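Structure record follows, encoded as structure tokens.
Derivation of every value follows stated rules applied to the coordinates shown; laboratory data play no part. It should be emphasised that the depicted structure is a prediction, and the values quoted were computed from it without experimental measurement. With ideal geometry, Cβ positions are generated from the backbone for all residues, glycine too; neighbour counts draw on all protein chains shown.
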Amino acid sequence: MAEYENKVLHELDGIREYDNPMPGWLMAIWWGSLIFSVAYLIFYALNFGEGTMEAEYRGATQEAVAAVDAYFVANPLVPPSPADLLAGAGKPEVLAIARARFTRTCAACHGEQAQGLIGPNLTDDRWIHGGTVEQIFQSVAKGWPAKGMPPWGRALKPEELSALVSYVRSLQGSNPPNARAPEGEPALPEPIPGK
């Protein structure tokens, strides 16, 4: 304690304040941090580096989109025949699979009974984008992003997608309570085998 006696600056209530220098390693970290922050600010924040992080991000995003597009071109989504889709609308095992998928992915916008909430009513005879099974398949597969419907064609297994279209088709004419008002053009429904 004697070695610090000459460095005491203040003493108050028995508490002594010493004037000891900071360790050299701590001062080196502090100065290094200051120099690094100035260099980082000049290089990245003020865009004096070769490229900006935003440009790198956009480039990587464009590469990823191009890779996905190339995959879709090489592996096109081929819809099943209308007869297969209509036949699925009459099979209870297909409708059970589709009902579960509808509840998970579609009910938030179209309602539990497809009566229409944010999305249109799927149980009446009017369709905004066409009511044939081919048109329903294209609407579900490609979606309508401008209207808020995501494309489900690559997110669902092909059998689930087909079952979902068959299920939607089977709901026409079910007249659920509190159904949304009809929208779009009337479409003559194709007959479902076995119904």
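For this structure, a couple of remarks:
- Largest first, the three principal axis extents of the alpha carbons in segment 94-195 are 36, 30, 22 Å in whole numbers.
- Cα Rg over Rh - the chain, Kirkwood: 1.48
- Label-reachable residues, segment 103-121, where backbone N falls under 14 Å from a point 7 Å from residue 178's Cα toward its Cβ: 108-118
- Rounded to the nearest 20 debye, dipole of segment 63-195 from Cβ charges on Lys, Arg, Asp, Glu: 260 debye
- Spatial separation of Cα centroids for segment 125-194 and segment 74-106, in angstrom: 10 Å
- For peptides 18-30, 135-147, sequence by mean Cβ density within 10 Å, most packed first: 135-147, 18-30
- Segment 114-154 shape via C-alpha gyration tensor axes, a/c threshold 1.5: oblate
- Ranked packing of 181-187, 123-129, most packed first, by mean Cβ within 10 Å: 123-129, 181-187
- For residue 149, residues with placed amide H under 5 Å, excluding near neighbours: 144
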